[in-house]
Structures are given as structure tokens and as C-alpha cells.
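K.L.:
What follows is a structure written as C-alpha cells; I'll ask about it next.
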Amino acid sequence: MATDCPISNAYAPEIQRICSGFAGRGVNCALVYEDVNVTPDAVRTHVVEHGYRQIAAAIDDGSLAARVNAAITPEAVVVDHAGSVRYHGRIDNLYVALGKSRQVVTAHDLRDALDALVAGKAVANQATDAVGCFIMPSIQRSK
């Protein structure tokens, strides 16, 4: 998540629908903020402004993004109870490229991955390319 990424912000309603829909199925969601110098106050404001409810929010120092190879916001990463990444990539295929979106979403990658895992099945498409704002590597972040 990034407070200033328009694509991340545009996905707020879909992220909430997914998290709400899977909450009773053993799936926990968290928003991980990757803004370079985001403050806790800015995160709280962002959460309220975008209507996030009952979804945990955390600020990453870059170590989590590096651990799961996240490079774009929004980028979904599904981690199982053992800490293994089971899906990594886009939420869906709404965005074709920066500034270019489809009229209709035809692939629901994150939902499909979660459906498979909840059903005890393998994720068919474990990685997809996300479209959004680049995450600055932690070595370039200000402290």
C-alpha cells in the first residue's frame, strides 16, 4: 500500500470486498504501507479516508517487501501459516499498464488464489505482474 499511489487507492473498495469475503474462511488481511517516509498519523488518515475497516495496517521498513520480493503497490502477497508465499502479484487484471485500464475485469487472480488455498488446493497461477507504483528499495529510504 502507498498513500500517494492512485492505483493503490483505486483498489481500496476491492481490497475491502476481498478481505471481508474471506474473513470468515480463515484468511487474515493486512495493509502494509511501503511509503518512503509515511508516518503513523498519515496511515491512520489514509485508512479512514479510504474506508478500511477491520483490516490491520502496518508500516514496513522495507524488510518485509524485500523478503517477499514486493516491488509494486498494490501488490498482493498471500503467505500461509508456515510463512511460505503461495501467491504474489496483482489483485486482478483491471489495469493493463499505468494509466490504462480495462472496462471489465476478466481475471480475479487474488480471489482465485485465496479460493484455491481455502479449499486445500494448489494455486493455479502463483505469480502475476502487478501494475502500479514502484516501491523504493529499503537501502534508499530515509531513516
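The values are calculated or read from the model by the stated rules, or taken from the named source; none is laboratory data. Everything quoted here is computed from the prediction, not taken from an experiment. Cβ: placed from backbone, ideal geometry, glycine included. Neighbour counts: every protein chain shown.
K.L.:
Would you confirm whether or not the stretch 30-53 contains a residue that is modelled with pLDDT under 90, over 21 Å from Gln16 (Cα atoms) and more than 16 Å from the chain's Cα centre (by Cα)? Spell out how you get there, then give the answer.
P.N.:
Taking the stretch 30-53 as the starting set, the residues that turn out to be modelled with pLDDT under 90 are 35-37, 53.
Restricting the remaining residues to those that are over 21 Å from Gln16 (Cα atoms) gives 36-37.
Subsequent filtering for residues that are more than 16 Å from the chain's Cα centre (by Cα) retains 36-37.
Within the stretch 30-53, one or more residues are modelled with pLDDT under 90, over 21 Å from Gln16 (Cα atoms) and more than 16 Å from the chain's Cα centre (by Cα).
K.L.:
So which residues in the stretch 117-136 are in a loop (DSSP other than H, G, I, E, B) and under 14 Å from the mean Cα position of the chain (by Cα)?
P.N.:
Thr128, Asp129, Ala130, Val131, Gly132, Ile135 - these are the residues of the stretch 117-136 that are in a loop (DSSP other than H, G, I, E, B) and under 14 Å from the mean Cα position of the chain (by Cα).
K.L.:
Right, something else. Hey, among the residues in the stretch 117-140 that are more than 21 Å from Gln16 (Cα to Cα) and either surrounded by 15 or more Cβ atoms within 10 Å (Cβ to Cβ) or among the polar types (S, T, N, Q) (or both), which one's modelled with the lowest pLDDT?
P.N.:
Within the stretch 117-140, the match that is modelled with the lowest pLDDT is Gln140.
K.L.:
Can you find even one residue in the stretch 98-118 that is without any contact (Cβ under 8 Å) to a residue 24 or more places away in the chain, of a type in the set (Asp, Glu) and farther than 18 Å from Gly132 by Cβ?
P.N.:
There is at least one residue in the stretch 98-118 that is without any contact (Cβ under 8 Å) to a residue 24 or more places away in the chain, of a type in the set (Asp, Glu) and farther than 18 Å from Gly132 by Cβ.
K.L.:
Residues that are surrounded by 15 or more Cβ atoms within 10 Å (Cβ to Cβ): list the strands (runs of 3 or more DSSP E) wholly contained in the stretch 1-116 that include at least 3 such residues.
P.N.:
On the way: elements: 30-33, 56-59, 76-79, 85-89, 95-97.
The qualifying strands (runs of 3 or more DSSP E) are 30-33, 76-79, 85-89.
Quick grid of which residues meet (1) farther than 26 Å from Asn37 by Cα; (2) hydrophobic (A, V, I, L, M, F, W, C):
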| residue | (1), (2) |
| --- | --- |
| Ala82 | yes, yes |
| Val85 | yes, yes |
| Tyr95 | yes, no |
| Val105 | yes, yes |
| Ala116 | yes, yes |
| Lys121 | yes, no |
| Thr128 | yes, no |
| Val131 | no, yes |
| Phe134 | no, yes |
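K.L.:
So Ser63 clears everything in (1) hydroxyl-bearing (Ser, Thr, Tyr); (2) in contact (Cβ under 8 Å) with a residue 12 or more places away in the chain; (3) closer than 20 Å to Asp112 by Cβ except one condition, right? Which one?
P.N.:
Condition not satisfied by Ser63: (3).
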